[in-house]
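Below: one structure, written as structure tokens.
The values are calculated or read from the model by the stated rules, or taken from the named source; none is laboratory data. For clarity, every value in this text was computed on a predicted model and none was experimentally measured. Ideal geometry is used to build each Cβ from the backbone, glycine not excepted, and the neighbour counts take in all protein chains shown.
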There are 2 protein chains.
Amino acid sequence: MVGKIIGDKVILEGKEASKNYNKGCFGILNGKLTLHLVEACYLLEKERIEVGKGRKKISLHELMQYAVDNIPEFEIKYLVYRDLRERGYVVRMGNDFLLYERGKRPPAEPAFLVKAVSERATFSIKDVSSWIDEAGEKALLIGIVDEEGDITYYLTKIFSMSGKVNESEYEGEITILHDRSIVFDENLMEELRKGFIGRDFGKYVELSLMETAYLAEKGAKILKNREEMDKKEFLTHVIEIQPDIKGRLKVYKDLRKKGLLPKTGFKFGSHFRVYTHAPHNTHAPYLVHVVRSSYKATWAEISRAIRLAHSVKKEMVFAMVGKKIKYIRLKRITP
Amino acid sequence: MVGKIIGDKVILEGKEASKNYNKGCFGILNGKLTLHLVEACYLLEKERIEVGKGRKKISLHELMQYAVDNIPEFEIKYLVYRDLRERGYVVRMGNDFLLYERGKRPPAEPAFLVKAVSERATFSIKDVSSWIDEAGEKALLIGIVDEEGDITYYLTKIFSMSGKVNESEYEGEITILHDRSIVFDENLMEELRKGFIGRDFGKYVELSLMETAYLAEKGAKILKNREEMDKKEFLTHVIEIQPDIKGRLKVYKDLRKKGLLPKTGFKFGSHFRVYTHAPHNTHAPYLVHVVRSSYKATWAEISRAIRLAHSVKKEMVFAMVGKKIKYIRLKRITP
């Protein structure tokens, strides 16, 4: 029997219907087999079915063109669907795709929700966050199709981190210059070296504005021109130089509370590299990039960030700062 | 003798003047020694001079604060200057810094122009390009100071590339779907496989819009719904999907003329990965990112791009597209 195009579906009757459902779990079987155009193209490409429009059999080329004209982002969906099928998985059409573990099929539960996305689409952290919610118990897999049709998969989830670095209170004086501070106070210098905060600057210790802001909340005094600077005045000064300090500081403090020690991640293009233990000869396993919930970027930028993180054996984590902080990890995997 | 602050200089008289000039080439010697505040801070930190303001000797802390108040971006300049001096180089103050090869000093010519830049500054490709011009015969070294005071150096220059991949003319038909094309034409498929263009798609060959646009200029016909598409209409369609295609295509064609073969660099967050030889089991030594001359980015993004390129053993090259194309390479080095 030749499958018939009806709207955005292909309807298959006769024994091909149950055969295609049984072998590979294609379509929805209800006497007839109703195939999504993505499924129908795949089966036609594999020469497992024939498809007709009116009385005329049509070619793969014609069916693909028909699908392009009728399904938004058809090529992107098709490339991801096809790739997963070629890898031997059962994939069901739903909103997006439902992917089963290797060897599994319904009535088992699908293990992944798969989103097929064009590299030309905009990355929006808010969308990614809501996709995670949508996936519920399932894991979220984002398949990005590049312009040449190659696909990169990102396993995406809410991430929890914790470590063993204790917090302390600090007494003593920090001298702010302009866009960084120096500690000339010997007791405080010693405490900071014990706490792995700041960086040696000759005989002294240099602090970033971020570290200065944190220490101010932990009891240290800020001096400007030998006079104590009021905390509010200090924060106004910092915001002028680093407008996004509030979000970053919020994440910095939250990470510290989890026993983690953030240091600048500038060399990796992220806000923080994060240690779980005292950073003497230990590896920082996470890169944390702080973003607002309105954050958007190109997928190429995200791809670069994740690829770089992996190349230095770190996990790439976006800290989405709203009322709460959501840590979202994207990890490149091969299904 | 105690050096005297006069405006934004420190003036040293007596035998300290010639001693400090002779040992390390600090300042401008003209009977007296005129030191830039950057130089004076360094010598004071090293306890090689004393500095007075009025009748009072001042501390490093006070001199640094004075310098912060009088020299724009003093901390950034100081950290780079200090780092290069600590590495044992002679550095002279000019517009920015003039750096001599190890063991060299005036009257030798400086080997590098060094720009000291805060990670918070905006990366502008136009500025970088004009800095290369400004450096002239010297090499350009950009020192980026991160918030914790660590410095990353980028050796930056106009870059020339060439390869051994020949161009051809192409006959035959390409079927455009929406955001990519498929070649069902067997002769053309064979030619494309020989020319390393496109990617296998089952029995067929899939092309990116970029490749399709290139092939259209090289003689191939574009079909849409089995009808030939006019080149202008095709370009309008492509621009709708990929607004920056013109600049990218210009660079693609220029690279092809140089015997190079560009493929998508999406996995590396760049527009192209570029091969010098047929890409069967060969390494693509370059990543090329196409930008307009108005392109701006954060230095963190640039840092990430370069770091990723190096981690996969590639050179990071920005193709600045104006009337001509300028290829600018940034390479991370340790001085």
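Filter the range A:46-62 for residues that are closer than 23 Å to B:Glu227 by Cβ and either basic (Lys, Arg) or away from chain B (no Cβ under 11 Å) (or both) and give the result.
Correct list: A:Val51, A:Gly52, A:Lys53, A:Gly54, A:Arg55, A:Lys56, A:Lys57, A:Ile58.
Conditions: (1) under 30 Å from B:Val145 (Cβ atoms); (2) in contact with a Ser or Thr (Cβ under 9 Å, 6 or more places away or on another chain); (3) at pLDDT 95 or above. B:Ala300 meets all but one. Number of the miss?
All conditions pass for B:Ala300, except number (3).
Of the residues that make up the range A:115-124, is at least one under 19 Å from B:Ile182 (Cα atoms) and in a strand (DSSP E or B)?
yes
Based on what the data block shows, is B:Glu173 under 30 Å from B:Leu209 (Cα atoms) and modelled with pLDDT of 95 or more?
The answer is yes for B:Glu173.
Scan the strands (runs of 3 or more DSSP E) fully inside the range B:147-211 and keep the ones with 2 or more residues being out of contact with any Gly (no Cβ under 8 Å at 6 or more places or on another chain), more than 7 Å from chain A (Cβ to nearest Cβ) and not charged (D, E, K, R).
Result: B:151-158, B:173-176, B:181-183.
With the requirement that a residue be within 16 Å of B:Lys77 (Cβ to Cβ) and either touching a residue at least 40 places away in the same chain (Cβ under 8 Å) or away from chain A (no Cβ under 14 Å) (or both), what does the range B:130-146 give you?
Residues satisfying the conditions are B:Trp131, B:Leu141, B:Ile142, B:Gly143, B:Ile144, B:Val145.
Would you check which residues across the range B:1-23 are under 14 Å from B:Ile58 (Cα atoms) and not hydrophobic (A, V, I, L, M, F, W, C) and list them?
Those that are under 14 Å from B:Ile58 (Cα atoms) and not hydrophobic (A, V, I, L, M, F, W, C): B:Gly3, B:Lys4.
From the set of residues in the range B:159-190 that are aliphatic (A, V, I, L, M) and touching a Ser or Thr at 6+ places or on another chain (Cβ under 9 Å), which is surrounded by the fewest Cβ atoms within 10 Å (Cβ to Cβ)?
Among those that are aliphatic (A, V, I, L, M) and touching a Ser or Thr at 6+ places or on another chain (Cβ under 9 Å), it is B:Met161.
Among the numbered conditions (1) within 26 Å of B:Gly259 (Cα to Cα); (2) touching a strand residue (DSSP E or B) at 6+ places or on another chain (Cβ under 6 Å); (3) buried (at least 17 other Cβ atoms within 10 Å of the Cβ), tell me where B:Leu113 comes up short.
Of (1) within 26 Å of B:Gly259 (Cα to Cα); (2) touching a strand residue (DSSP E or B) at 6+ places or on another chain (Cβ under 6 Å); (3) buried (at least 17 other Cβ atoms within 10 Å of the Cβ), only one is false for B:Leu113: (1).
With touching a Pro at 6+ places or on another chain (Cβ under 7 Å), farther than 28 Å from A:Glu47 by Cβ and assigned by TED's automatic domain parsing to the domain that holds B:Ala305 as the only criterion, which of B:Phe272, B:Phe268, B:Phe234 stands out?
Answer to the selection: B:Phe272.
Yes or no, residue by residue, for (1) surrounded by fewer than 21 Cβ atoms within 10 Å (Cβ to Cβ); (2) modelled with pLDDT of 95 or more:
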position: B:Leu255; (1), (2): no, yes
position: B:Gly269; (1), (2): no, no
position: B:Phe272; (1), (2): no, yes
position: B:Asn281; (1), (2): yes, no
position: B:Ser294; (1), (2): yes, yes
position: B:Ala309; (1), (2): no, yes
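So, in the range B:46-58, of the ones that are over 20 Å from B:Arg85 (Cβ atoms) and outside any strand (DSSP E or B), which residue ends up farthest from the chain's Cα centre (by Cα)?
Filtering first and then ranking leaves B:Arg55.
For residues that are among the charged types (D, E, K, R) and surrounded by fewer than 22 Cβ atoms within 10 Å (Cβ to Cβ), scanning just the range B:76-95, find the one that is farthest from the other protein chains (Cβ to nearest Cβ).
Residue satisfying both the conditions and the ranking: B:Arg92.
What's the number of the only condition in (1) in contact with a His (Cβ under 6 Å, 6 or more places away or on another chain); (2) in a loop (DSSP other than H, G, I, E, B) that B:Glu109 fails to meet?
Failed condition: (1).
Quick check, is B:Leu43 within 14 Å of chain A (Cβ to nearest Cβ), assigned to a helix (DSSP H, G or I) and modelled with pLDDT of 95 or more?
Answer is yes for this residue.
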